[in-house]
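Report on the following structure.
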Amino acid sequence: MSLGKYLGIGAGWFLAGPIGAIVGYYIGKNFFDGNNNNAQAYEISLLILSSLVIKSDGKIVDSELTFVRNFFVKTFGTHKANKYFKIFNRLNKESLESKLRPVCQQITANVNHASRLQIIHFLFGVSASDNHIDSSEIMLIKKISTYFNINSYDFESIKSMFLKNNNSSDISKWYKILEIDEHATTQDIKKAYRKMAMKFHPDKLQNVSLEIKKLAEEKFLAIKEAYDNIMKIKGK
């Protein structure tokens, strides 16, 4: 049976289009039980994109999968992580590269901006789970970010939380998180902090689980930490 036969398999944005096709063909539409379907669909989207990211360097090693599974357990709890990791492994065996753009377009059309930002945060978390982010993973997440209509400043802000750069100081990292340069005035820093705190506040997320909101708090706290450290250096 072809993948295309599952297009438009039921009600709900996630059961139509490319995501609906992937759910129907590889996962099974009975995965959705009518409870928090939108939140589950959002998390299935995370698994689809995570599978593409982790395969972007052309290989998947067992150690990577162990780190990713641990990341899932930390994010979702053991029971939910076990279920999602089985789906993740199933998706890893499939060639879904051609679905990247349409999947992202479907998400962009149905998921709000704050929730799309959180997907980028999640994907970097998966990539960094083995304490290394391959350049191919960064490139793919950047492509996803572009499909999500996320600007380069927001992308760099999220990336700076995860990317270890021996040539960059913590001070530079803090400024990148706030999306300002190191010559910013105190007034500019305060303005940037208020803007970023509002943009990345967990309450901005819609139709996501409590686990995803909890994960979103990491970015929110990183923004506050960046602001506090910069202001401390400036003696304010």
Reachable aspartates and glutamates from Lys173, criterion Cα separation under 18 angstrom, eight or more residues apart if same chain: Asp154, Glu156, Asp181, Glu182, Asp188, Glu218, Glu225, Asp228
Rg over Rh [alpha-carbon atoms, Kirkwood Rh] for the chain: 0.99
Computed [θ] at 222 nm, helices only, for the chain once each DSSP H run of length n ≥ 4 contributes -39500 (n - 2.57): -20500 deg cm²/dmol
Kirkwood Rh in Å, taken over all unlike Cα pairs in segment 69-193: 16.3
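Rule-based calculations on the coordinates, nothing more; no lab input. Please read these numbers as outputs of a predicted model, since none were measured by experiment.
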